[in-house]
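The values are calculated or read from the model by the stated rules, or taken from the named source; none is laboratory data. For clarity, every value in this text was computed on a predicted model and none was experimentally measured. Quick reminder, even Gly has a Cβ in these numbers, built from the backbone with ideal geometry, and neighbours come from all protein chains shown.
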Amino acid sequence: MNRYRFVLYRPIQLIPVLVGISVITFVLVRSIPGDPARVLLGPRTTESALARVREQFGLDEPLWLQYFYFVKNLFKGELGKSILYKVDVLKLIATRIEPTLVLVIGSVLLALLIATPMAAIAARRRGSWADHLIRIISTAGLGFPAFWLAIMLILLFSVQLGWFPVTGYGRTFWDKVHHMTLPCLTTGLALAAVLTRNLRASMLAELQSDQATAARARGLPETFVFWRHVVPNSLVPTVNLLAVNIGWLISGSVVIETVFAIPGMGQLLVRGIFTRDYMVVQGVAMVFACATVLVNFLADILTVTIDPRVKL
Amino acid sequence: MSGAATIRTRRICWPGKVTPLVLGAGILIAWLLVAIFAPLLAPYDPIYQDAAVRLQPPTWAHPLGTDNFGRDILSRVIWAARIDLQIAVFGVVFPFVIGTVAGSISGFFGGWVDTVFMRLIDVVLAFPFLVLMLAIITIIGPGLGSFYIAMALVGWVSYARLIRAQFLVLKNSDFAMAAVSLGYSNTRVMFRHIMPNAILSSVVFSMSDAVLVLLNGAAISYLGLGVQPPVAEWGVMIAEGQGFITTAWWITTFPGIAIVTLAMGFSLLADGLGEAFGVRE
């Protein structure tokens, strides 16, 4: 298949998954015991509001028709209203996207900044004490609970040293950077543990590759061969590794947002669960799932674009 | 001479190679003993509140300090080992069983059964793990039981994919063909002939999965949706101590160290087993 026709063909494969996501969220919310209209509107509501929701979501109709109504509302961008905030769920989510996006992207950047040099040292000095030490650290890192690591970082950098604020998000750009450094560092460190192991393995493979040997044969210094020829190629699998881990990163951000009281989507989800704001829980779960699917799709395209060797 | 030298080198190298396995098993056995003998080891009642010793830093009487209710942290960390080990075990066992059965059916029969399972797995994997678990817990309510149910509903997919991949290869192998041609039932071929050969990679994976399950269980309890206070559980203890980090660091620090060591034990065991059986994840 033509490499770029894949870009057109791949979205069609996404349709069953997206349908599946809508079915699962629909089933989840409908399996809450009690009158669905009352469940969706909460305990304090009026008869007219109940009637309106029953009509909008077809709650008096058979279940398969209810699903049809549900999808119809999805296409109109209507995910219902939040009980707690009294606004449309989609609008509510829109105001919460930025902090979560900053957290995820910031974590990935920090993780790459930490993992690349660590993996480089480990791969270039294979079998040395530095290699063993990095391997031990990255193995231990996999077992660190992110929420605990976050509190330990707060203890060190905020309470002892006073460099960063304990919680919150900030208003201006630099204020936000200041607030988000510790949260991003927490998730970044956890992600770096995963990345280092894989980067080291792919760097070791690339160091043995024909093109690295060819570069050495041309008399290029080893450092140049490593950073110019080995590193870029070993970063290609990392793109996919990051995409595979996006669900894990989002999961992590839900917890980290709660630790640092960051007003993102994760915090919205957790608050929604405690206040029984089911429309919000449903909306956030669906947006997170679609984001995961989208990121994996983009990673596939990116891999095809940057690596001509990828065959489909 | 050279023969003796080879044996000698092997003897020196051998323990070094097995270290992760031994170390991991050692850590796990240590925590298991702590959990079993918790009533004997813990110096105090884990939920007894003593207002006279609130927020005390580590002392001889309370080696890991006390929390804001005057409860002894050491005793709570020891008793919590029971709950957290249980989380790591049951949180793995249920998905393991469900995933293994689903994956073997999917891989063995193929066709539309396989297609249905694979599409279902795609959709479950589309959701971020914790988000789907939290959504399920929202419906069935917080608690440890809900955590196990959510874990089983979400976690089975990894095991199903592993077993299915093995079954796809093994069902065409000579010994499976031989069993089929002897007229054995599908169930017998699946579970007596193919399964013993297919299960190894899942067993190794389950050890590293235990790390994730433990961290998930603690995180969900930290969020207030898993184990409920006043029960001693490491995630709950960290959540309870977070409000006091400026004055009482010991409340959050020690339960976290406990989680890290137990997780380390499982990771090392997974690495060691993987190496010993030649299974790469």
key: Count - residues of the range B:58-103 that are closer than 18 Å to B:Ala198 by Cα, surrounded by fewer than 24 Cβ atoms within 10 Å (Cβ to Cβ), touching a residue at least 24 places away in the same chain (Cβ under 8 Å) and more than 18 Å from the chain's Cα centre (by Cα)   = 1
ask   = What are the residues in the range B:206-219 that are closer than 12 Å to B:Pro95 by Cα and either in contact with a Lys or Arg (Cβ under 6 Å, 6 or more places away or on another chain) or not aliphatic (A, V, I, L, M) (or both), if any?
value = B:Ser206, B:Asp209
inquiry  = Any residue at all in the range A:25-37 that's under 22 Å from A:Ala285 (Cα atoms) and either of a type in the set (Phe, Trp, Tyr) or touching a strand residue (DSSP E or B) at 6+ places or on another chain (Cβ under 6 Å) (or both)?
reply    = yes
remark   = Expected single match for of a type outside the set (Gly, Ala, Ser), within 8 Å of another protein chain (Cβ to nearest Cβ) and within 26 Å of B:Leu132 (Cα to Cα) among B:Val260, B:Val227 is B:Val260
key: Only listed residue being within 21 Å of B:Ala218 (Cα to Cα), away from every other protein chain (no Cβ under 14 Å), among the hydrophobic types (A, V, I, L, M, F, W, C) and under 26 Å from the mean Cα position of the chain (by Cα), chosen from A:Leu149, A:Leu185, A:Leu195   = A:Leu185
inquiry  = So B:Tyr222 ticks every box in (1) over 19 Å from B:Gly70 (Cα atoms); (2) among the hydroxyl-bearing types (Ser, Thr, Tyr); (3) within 11 Å of chain A (Cβ to nearest Cβ); (4) in contact (Cβ under 8 Å) with a residue 60 or more places away in the chain but one. Which box is left unticked?
reply    = (4)
Helices (runs of 4 or more DSSP H) contained entirely in the range A:1-74, each with at least 1 residues that are closer than 30 Å to A:Ile301 by Cα = A:5-30
key: Check on B:Ile140, in contact with a helix residue (DSSP H, G or I) (Cβ under 6 Å, 6 or more places away or on another chain), within 11 Å of chain A (Cβ to nearest Cβ), among the β-branched types (Val, Ile, Thr) and surrounded by fewer than 18 Cβ atoms within 10 Å (Cβ to Cβ)   = yes
So B:Phe175, is it aromatic (Phe, Trp, Tyr), buried (at least 16 other Cβ atoms within 10 Å of the Cβ), in a helix (DSSP H, G or I) and modelled with pLDDT of 90 or more = no
Residue in the range A:245-299 that is farthest from the other protein chains (Cβ to nearest Cβ), counting only those that are in contact with an Asp or Glu (Cβ under 6 Å, 6 or more places away or on another chain) and assigned to a helix (DSSP H, G or I) = A:Gln267
request  = Could you tell me whether A:Leu220 is over 30 Å from B:Gly243 (Cα atoms) and outside any helix (DSSP H, G or I)?
outcome  = yes
ask   = Is there a residue in the range B:242-253 that is among the aliphatic types (A, V, I, L, M), within 12 Å of chain A (Cβ to nearest Cβ) and surrounded by fewer than 24 Cβ atoms within 10 Å (Cβ to Cβ)?
value = yes
